[in-house]
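What follows is a short report on a single structure.
The values are calculated or read from the model by the stated rules, or taken from the named source; none is laboratory data. Not measured: the values here are computed from a predicted model. So basically every Cβ, Gly included, is an ideal-geometry build from the backbone, and we count neighbours across all protein chains shown.
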Amino acid sequence: MGFVGMILTAVVVVHLYLWRRLVRASTTPGSRPRRVLTWALVILAVVMVVTFAGSRLGLGMDVERVVAWPGYLWLAVMFYLFVFGLVMEVPRAIATFVVSRRRRTAETAAAPAERAEGEAAPVDEVVLAGAAAGGGSTAHGTATIGRPAAEGAAADAPAIDRRLFISRTASAVVAAGALATVGYGVSRALGDPVIERVPIRLPRLDPRMSGLRIAVVSDIHLGPLSGRGHTERIVRMINGLQADAVTIVGDLVDGTVAELGRLATPLRSLESRYGAYFVTGNHEYYTAAGPQEWIEELRSLGVRPLRNERVEIRHAGAVLDLAGVNDLNGVPSGDGPDFGKALGGRDANRPVVLMAHQPVQVTQAAAHGVDLQLSGHTHGGQMAPFNLLVPLQQPVVAGLASVPRTGGGDTQVYVTRGAGFWGPPVRVGAPPEITLVELRT
């Protein structure tokens, strides 16, 4: 309940901010635009909450698909409205300050001019004092004695209009920026993944194995917003790489086999010389039935799960160990990573490549002498500036890095941005990726 409460609090706070900055500041009290925009914010907030709670409410995948599109798209729009709104706070404040200062300057300059026309200053001052203390009729008297009421209203109106103009202009800039960013992000998320070709040198690699190619894909996230075509495209692109081995590094699904099994069927067509392999990600443990049903489903599709175990890849007379460990989210159910089981008793002279969903697992990998870890999980941040928050949890956002290895040398870790998306079908600053790692001596 603590996590759910935190999410609900964040949703309420952000929507209140958006209402204050984009609705209240840009509309007049009681106007129809204000009522319409207020209700629109309330309805979109409810839809978004229902989208997040869909699986827990047992709505079924068909209903979730209907709700998820507006819910997740609004989440993305809401986020970028908030970001652009914060960015616009400074120019908005400067513009408002300039307008207010000019108004005060104009009023100060107008006072001596009125006195020069023969109006008695003491009488004005008495009337102004009465206006400040007494209210309605005295204020009317001020307009009569000092200057005509029409002139007073005309002098005040331009300043008020300018402030409203500033708010409406700022709101328009914020809305345009958010919608353009989300539109771009949708086109990237639903488009073809980028093929990243990454040469990686392994000092212990037998020269006969130099050039071995491993396709890496992660975070496909089959779910309510993805169709069978999403999987078919990924399979087609991987097959076009003519890899020696294919590694699926977790977060394949966001649902059960009954709900999403047909979307995974194209994985049966994966082509490689030495097979396709899979390790669990954190999302495999979020499904109602747990990861085991997907383990069996993938076996039936010809994809071999590596459950804290390893296989030998024999190539050109040389041998490489390919190992896989379960995700950290399996720990509470007794199905967590076991590096000792996956890597114990092996020939220490052989290079070893480890599949582990989360980059943070590289610390343990280095302690066990792993040469290269292949990971996903981060999505590269998926929607900038979330990439700035990833380092709070993971050591690498995306790409290749290394950490010192026990006994000398380094353990390298490559983090792919993933081929799918989670939540909003939006990617900004982190295009979807399929990686072809080429091992070299």
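Descriptive notes on the structure:
- If you check GLY240, GLY261, GLY290 for being closer than 21 Å to TYR414 by Cβ and surrounded by fewer than 22 Cβ atoms within 10 Å (Cβ to Cβ), only one passes: GLY240.
- Criterion (within 27 Å of the chain's Cα centre (by Cα), under 18 Å from PHE278 (Cβ atoms) and not aromatic (Phe, Trp, Tyr)) met by exactly one of LEU298, LEU306, LEU328, LEU322: LEU328
- Any chance GLY407 is in a helix (DSSP H, G or I) and either in contact (Cβ under 8 Å) with a residue 12 or more places away in the chain or at negative phi (or both): no
- When ASP338, ASP347 are screened for being among the charged types (D, E, K, R), surrounded by fewer than 18 Cβ atoms within 10 Å (Cβ to Cβ) and modelled with pLDDT of 95 or more, only ASP338 passes.
- Single residue of VAL319, VAL279 found to be within 27 Å of ASP371 (Cβ to Cβ) and touching a Leu at 6+ places or on another chain (Cβ under 6 Å): VAL279
- Filter result for VAL12 (at pLDDT below 95, more than 23 Å from GLY223 (Cα to Cα), among the hydrophobic types (A, V, I, L, M, F, W, C) and assigned to a helix (DSSP H, G or I)): yes
- Exactly one residue out of GLU284, GLU259 is closer than 21 Å to GLN373 by Cα and of a type in the set (D, E, K, R), and it is GLU284.
- Single match in ASP410, ASP371 (criterion: buried (at least 23 other Cβ atoms within 10 Å of the Cβ), among the charged types (D, E, K, R) and either over 28 Å from the mean Cα position of the chain (by Cα) or outside the structural domain of ARG233 (by TED's automatic domain parsing) (or both)): ASP371
- Exclusive hit being more than 28 Å from ARG427 (Cα to Cα), in a loop (DSSP other than H, G, I, E, B), in contact with a Ser or Thr (Cβ under 8 Å, 6 or more places away or on another chain) and not hydrophobic (A, V, I, L, M, F, W, C), set GLY369, GLY345: GLY369
- Failed item in (1) at pLDDT below 95; (2) surrounded by 21 or more Cβ atoms within 10 Å (Cβ to Cβ), with PHE278 passing the rest: (1)
- For first residues located in region 203-231 and at positive phi and in contact (Cβ under 8 Å) with a residue 40 or more places away in the chain, partners that are of a type in the set (Ser, Thr, Tyr) and crowded, with 22+ Cβ neighbours inside 10 Å and lie 6+ apart or on another chain with Cβ distances below 7 Å do not occur.
- Residue list for region 273-310, filter: among the aliphatic types (A, V, I, L, M) and in a loop (DSSP other than H, G, I, E, B): ALA288, ALA289, LEU301, LEU306
- Residue check for GLU107: assigned to a helix (DSSP H, G or I), at pLDDT below 85 and within 25 Å of ARG188 (Cβ to Cβ): no
Residue-wise test of (1) surrounded by fewer than 17 Cβ atoms within 10 Å (Cβ to Cβ); (2) assigned to a loop (DSSP other than H, G, I, E, B); (3) charged (D, E, K, R).
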residue	(1), (2), (3)
ARG188	no, no, yes
ILE195	yes, no, no
PRO199	yes, no, no
GLY211	yes, yes, no
ASP219	no, yes, yes
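- Hits in region 228-254 - residues which are in a loop (DSSP other than H, G, I, E, B) and in contact with a Leu (Cβ under 7 Å, 6 or more places away or on another chain): LEU241, ALA243, ASP244, LEU252, ASP254
- Checked against the criteria, THR231 counts as touching a strand residue (DSSP E or B) at 6+ places or on another chain (Cβ under 7 Å), of a type in the set (Val, Ile, Thr) and either outside the structural domain of ALA288 (by TED's automatic domain parsing) or surrounded by 15 or more Cβ atoms within 10 Å (Cβ to Cβ) (or both).
- Residue among LEU41, LEU81, LEU86 that alone is modelled with pLDDT of 95 or more and touching a Phe, Trp or Tyr at 6+ places or on another chain (Cβ under 8 Å): LEU41
- Some residue of region 424-438 being touching a residue at least 24 places away in the same chain (Cβ under 8 Å), acidic (Asp, Glu), farther than 30 Å from ALA178 by Cα and part of a strand (DSSP E or B): yes
- Residue count for region 260-272 satisfying the condition of being in a helix (DSSP H, G or I), aliphatic (A, V, I, L, M) and modelled with pLDDT of 95 or more: 3.
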